[in-house]
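Here's the structure we're looking at; comments come further down.
The values are calculated or read from the model by the stated rules, or taken from the named source; none is laboratory data. Since the model is a prediction, treat every value here as computed from it, not as a measurement. Glycine gets a Cβ as well: all are built from the backbone with ideal geometry, and neighbour counts include every protein chain shown.
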Amino acid sequence: MNLQLIQGEFNSKEALDIITQMIHVKIKFHEDKINRSSNEEDIKMREDRIKKLQRDLYQLRQLVQSKHKKVHLESVIEVSEGVPA
């Protein structure tokens, strides 16, 4: 099953607002998991993921702010059965 989350043209401010909010939600998810975890390997993996998300957001801001054009955003969430836990 696919969920079309975002699809359309946005000005640079709108695009950055949408992307920033989505990345902040993902960062908060990892922070909450870190706060509940005692597994050092899991914590390190999540800290690395947060740093990567922050770097990606910074680079994206630089790119979008320098262009001052419409931005096409498309985001699809694909849901499929995984391996049982």
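Out of all the residues in the stretch 42-68, which are at pLDDT 95 or above, of a type in the set (S, T, N, Q) and either exposed (fewer than 11 other Cβ atoms within 10 Å of the Cβ) or not in a helix (DSSP H, G or I) (or both)? Matches in the stretch 42-68: Gln59 only.
Every condition in (1) part of a helix (DSSP H, G or I); (2) surrounded by fewer than 11 Cβ atoms within 10 Å (Cβ to Cβ) holds for Glu81 except the one numbered (1). When the stretch 1-36 is filtered for residues that are over 18 Å from Ser75 (Cα atoms), surrounded by 11 or more Cβ atoms within 10 Å (Cβ to Cβ) and not charged (D, E, K, R), the ones remaining, listed by number, are Phe29, His30, Ile34. Of all residues in the stretch 32-41, those that are in a helix (DSSP H, G or I) and without any contact (Cβ under 8 Å) to a residue 12 or more places away in the chain total 5.
Considering (1) touching a strand residue (DSSP E or B) at 6+ places or on another chain (Cβ under 8 Å); (2) surrounded by 10 or more Cβ atoms within 10 Å (Cβ to Cβ); (3) at pLDDT 95 or above, the lone condition that Glu74 does not fulfil carries the number (2). A residue that is out of contact with any helix residue (DSSP H, G or I) (no Cβ under 6 Å at 6 or more places or on another chain), more than 18 Å from Arg55 (Cβ to Cβ), assigned to a helix (DSSP H, G or I) and of a type outside the set (A, V, I, L, M, F, W, C) cannot be found anywhere in the stretch 19-31. Taking the conditions (1) at pLDDT 95 or above; (2) more than 20 Å from Lys26 (Cβ to Cβ); (3) of a type in the set (A, V, I, L, M, F, W, C) in turn, Val83 satisfies each one other than (1).
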